[in-house]
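Let me begin by presenting the structure, written as structure tokens, before commenting on it.
Values in this text are rule-based calculations from the coordinates and carry no lab data. Since we're looking at a predicted model, the values are computed, not measured. Glycine also receives a Cβ, built like all others from the backbone with ideal geometry; neighbour counts cover every protein chain displayed.
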Amino acid sequence: MAIDADSKLIPSWIIGPRDGVTARLFVNDLASRLAERIQLTSDGLSVYLQAVERAFKGDVDYAQLVKIYGDSSEGQKRYSPAECLGCEKKEIVGYPDPNHVSTSYIERANLTLRMGSRRFTRLTNGFSKKIENHSASVAIHLMHYNYARIHKSLRITPAMAAGVSDHVWSLEEIVSLSN
């Protein structure tokens, strides 16, 4: 997922493995949806380096926020990762503002998605067994998030904050799109 830090709009998302092919598809889609130069921050996954270079062709201010984890065998036994000891900001291309190099908003959006959809809960009967059902569930959640859910800090929907909608969408409006 990608998120705009100001409007909280999620303009692009993809479901797939964290590999080069998925990264290229995702970043190409994101780049195609943007009209102006942006500042972009990703985590330290190396496949984003080439994907961003190809999609934006240097017309981006891009940095990576690389988390440094402790070596904990206990962390490998649980579902959660080892303890995060710190972060390193790496300027990759352009002139990213170091004060805005952050993955906090997308991490919060990921948490909102996980908490709002049983499809992401392991070891339950709500866990997605078919990728088609999983994809549909994520699409519905993100449509609702962008267009129908009033963001607490904005007091309007992300789509309204981004200027792509002029009202809070009803569930009926969202459902009518599938007809």
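Couple of notes before you dig in:
- Ordering of 87-97, 56-66 by packing is 56-66, 87-97, highest average first (other Cβ atoms within 10 Å, averaged per residue).
- When you restrict to C-alpha pairs under 8 Å that are six or more residues apart and normalise by the size of the chain, the relative contact order lands at 18 percent.
- The chain - mean residue ellipticity at 222 nm from DSSP helices (-39,500 (n - 2.57) per run, n ≥ 4, rounded to 500): -11500 deg cm²/dmol
- Chymotrypsin sites (Phe, Trp or Tyr not before Pro) restricted to the stretch 68-170 and DSSP loop, no more than 14 other C-beta within 10 Å: TYR79, PHE127
- Spin-label pair VAL66/TYR105, simplified geometry with 7 Å Cα→Cβ offset, distance in nm: 2.5 nm
- With each label modelled as a point 7 angstrom along the Cα→C-beta vector, the PHE127-LYS152 pair spans 2.9 nm.
- Calculated FRET value between LYS57 and SER170, using beta carbons and R₀ = 35 Å, to 0.05: 0.30
- On the principal axes of its alpha-carbon atoms, the stretch 1-152 has extents of 46, 41, 34 Å, going from largest to smallest.
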